[in-house]
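**Student:** Handing you a structure now.
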Amino acid sequence: MMIDKQTSVLLEIAIEVPVPRAYQLFTQEFDRIKPREHNLLDVDIAETVLEPWQGGRLYDRGVDGSICQWGRVLAVDPPHSIVLAWDISPQWQVQTDPARASEVEVQFLAAAEGTTRVVLEHRHLDRHGDGWEGMRQALAADDGWPIYAERYRDIVDA
């Protein structure tokens, strides 16, 4: 289910695995979750790396070895949540000013036995400044966060 508030995008799905497994799959398989076409590099992406610890990085490594860091891990509470800084501007370029970053919090909440409710909130989009409304619209669109959720569900179901 997709809901967007004024300065946030909220996405919620239920998956048929326990909370610890849901967290593990999200953090360890993020390379398979993030679409390769979501790319700020000048070359194809060889891998996307999510370092799942506070202070960790979120980056793409190009096929030529180049690196584009586009996020930071702000907080972790395994297996319940991870909070990321989104260092991408409304012009889809790396944002170098941490004060202009938005946040992505992913929570893994126990639902029925063996089921996890995954809640992704991309918040504080207005911190990006001019153009943030278009970014919010793009992130809420089918090829934004919903495609990540679909790919995540596919990994869980495999």
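The values are calculated or read from the model by the stated rules, or taken from the named source; none is laboratory data. Keep in mind that this is a model prediction, so the values were computed, not measured. Please note: Cβ atoms are built from the backbone with ideal geometry, for glycine as well, and neighbour counts cover all protein chains shown.
**Student:** Suppose the filter is touching a residue at least 12 places away in the same chain (Cβ under 8 Å) and in contact with a Gly (Cβ under 8 Å, 6 or more places away or on another chain); does Leu120 pass it? Step through it out loud before you land on a result.
**Tutor:** Values: touching a residue at least 12 places away in the same chain (Cβ under 8 Å): yes; in contact with a Gly (Cβ under 8 Å, 6 or more places away or on another chain): no.
Here the answer is no, as Leu120 does not meet what is asked.
**Student:** Also, quick follow-up: Applying the selection to the range 59-77, what residues are closer than 17 Å to Gln28 by Cβ and touching a Cys at 6+ places or on another chain (Cβ under 9 Å)? Give the derivation first.
**Tutor:** Pass one, the range 59-77, residues closer than 17 Å to Gln28 by Cβ: 59-61, 71, 73, 76-77.
Tyr59, Asp60, Arg61 - these are the residues of the range 59-77 that are closer than 17 Å to Gln28 by Cβ and touching a Cys at 6+ places or on another chain (Cβ under 9 Å).
**Student:** If we scan the range 1-10, do we find a residue that is among the acidic types (Asp, Glu) and not in a strand (DSSP E or B)? Step through it out loud before you land on a result.
**Tutor:** Just the residues of the range 1-10 that are among the acidic types (Asp, Glu), to begin with: 4.
Next, from what is left, pick out any that are not in a strand (DSSP E or B): none.
Within the range 1-10, not a single residue is among the acidic types (Asp, Glu) and not in a strand (DSSP E or B).
The rows are residues; the columns are (1) in contact with a helix residue (DSSP H, G or I) (Cβ under 9 Å, 6 or more places away or on another chain); (2) surrounded by 17 or more Cβ atoms within 10 Å (Cβ to Cβ).
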site: Arg36; (1), (2): no, no
site: Gly56; (1), (2): no, yes
site: Ser66; (1), (2): no, no
site: Val73; (1), (2): no, yes
site: Val76; (1), (2): yes, yes
site: His80; (1), (2): yes, no
site: Val83; (1), (2): no, yes
site: Thr96; (1), (2): no, no
site: Val106; (1), (2): yes, yes
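**Student:** Tally up the residues in the range 7-60 that are of a type outside the set (D, E, K, R), free of Cβ contacts under 8 Å to residues at least 40 places away in the same chain and more than 20 Å from Val76 (Cα to Cα), please. Outline the logic, then answer.
**Tutor:** Keep residues of the range 7-60 that are of a type outside the set (D, E, K, R), which gives 7-11, 13-15, 17-20, 22-28, 30, 33, 35, 38-41, 43, 45-46, 48-50, 52-56, 58-59.
From what is left, the residues that are free of Cβ contacts under 8 Å to residues at least 40 places away in the same chain are 28, 30, 38-39, 41, 43, 45-46, 48-50, 52-56, 58-59.
Now drop any that are not more than 20 Å from Val76 (Cα to Cα), which leaves 38-39, 41, 43, 45-46.
Final tally of qualifying residues: 6.
**Student:** Same structure again: Keeping to the range 123-158, report how many residues are without any contact (Cβ under 8 Å) to a residue 12 or more places away in the chain, in a helix (DSSP H, G or I) and of a type outside the set (A, V, I, L, M, F, W, C).
**Tutor:** 4
**Student:** Only one of these conditions is not met by Ala110: (1) within 14 Å of the chain's Cα centre (by Cα); (2) within 26 Å of Val17 (Cα to Cα); (3) small (Gly, Ala, Ser). Which number is it?
**Tutor:** Ala110 satisfies all of (1) within 14 Å of the chain's Cα centre (by Cα); (2) within 26 Å of Val17 (Cα to Cα); (3) small (Gly, Ala, Ser) except (1).
A quick yes/no check of all residues on (1) closer than 19 Å to Leu120 by Cβ; (2) outside any loop (DSSP other than H, G, I, E, B):
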site: Val17; (1), (2): yes, no
site: Ala22; (1), (2): yes, yes
site: Leu25; (1), (2): yes, yes
site: Leu41; (1), (2): no, no
site: Tyr59; (1), (2): no, yes
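**Student:** Mind listing whichever residues of the range 61-100 are basic (Lys, Arg) and in a strand (DSSP E or B)?
**Tutor:** Keep residues of the range 61-100 that are basic (Lys, Arg), which gives 61, 72, 100.
The answer is Arg61, Arg72.
**Student:** To continue, here is another question. Among (1) closer than 18 Å to Arg151 by Cα; (2) polar (S, T, N, Q); (3) assigned to a loop (DSSP other than H, G, I, E, B), where does Thr48 come up short?
**Tutor:** All conditions are met except number (3).
**Student:** What's the number of the condition Glu113 fails, among (1) at pLDDT 95 or above; (2) of a type in the set (Asp, Glu); (3) part of a loop (DSSP other than H, G, I, E, B)?
**Tutor:** The one condition Glu113 does not meet is (1).
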